[in-house]
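The structure appears below as structure tokens.
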């Protein structure tokens, strides 16, 4: 055996291979974050939001302001509390046009649909576009950057439906 294969083997032993490609496994793990996100809206409980977001969160809302983790979580605590008092409901869903990931960081872009007071006389539906960066913290995916905008109320149901569903994993694996 020549020296080159031995050096390569030694290199692999010293520097274990880390996957830098997208995987269905990563998408399924990331979807656990989205499941908790959905749960927070469905139950109007801010606690799942507190768990899935990094304490180092950068939140950019509507392209208008930047806030930190504490402000973001406290805003949801207040919003959800007020919605429960008014007996409102909230249902959010996401569809994606881009999902990029490796074993430690992910970028997810898509459209959201938020329905307030579903099947009630005062039902309201909102659409917007989002871009989220997730990073692993202690082997757990956390949202570290969250940007959304309604793009001047230009996002439509058609755009939302043209994006891919949350379990359309193979649309994003190359």
query: In what sequence do 86, 135 fall when counting other Cβ within 10 Å, fewest first?
result: 86, 135
Neighbour-count ranking [beta-carbon atoms within 10 angstrom, fewest first] of 139, 84, 95: 139, 84, 95
0 to 90° range, to nearest 10: angle between helix 3-14 axis and the chain longest Cα axis: 40
- prompt: For helix 69-85, what angle does its Cα long axis make with the longest principal axis of the chain, in degrees from 0 to 90 and rounded to 10?
  reply: 40
message: On a full-extension model of 0.36 nm per residue, what is the gain between residue 93 and residue 67, subtracting their alpha-carbon distance, rounded to one decimal in nm?
response: 7.1 nm
- prompt: Any idea what angle helix 24-43 forms with the longest principal axis of the chain, computed on alpha-carbon atoms, 0 to 90 degrees, nearest 10?
  reply: 20
- prompt: Got a sec? How would 114, 57 order by Cβ neighbour count within 10 Å, fewest to most?
  reply: 114, 57
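Need the full-extension length gain, residue 79 to residue 123, defined as separation in residues times 0.36 nm minus the C-alpha distance. One decimal, nm. Could the numbers behind the result be given before it?
Working: separation 44, 0.36 × 44 = 15.84 nm, distance 1.72 nm.
Roughly 14.1 nm would be gained on extension.
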- request: Could you give me the percent of Cα pairs per 10 Å distance bin for the chain, shortest bin first, beginning at zero and ending with the bin that holds the maximum distance?
  value: 9, 32, 33, 13, 6, 4, 2, 0
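Just so you know, all these numbers are worked out from the coordinates, no wet-lab data involved. These numbers were taken from a predicted model, which means no experiment stands behind them. Neighbour counts run over all protein chains shown; Cβ positions are idealised from the backbone, glycine included.
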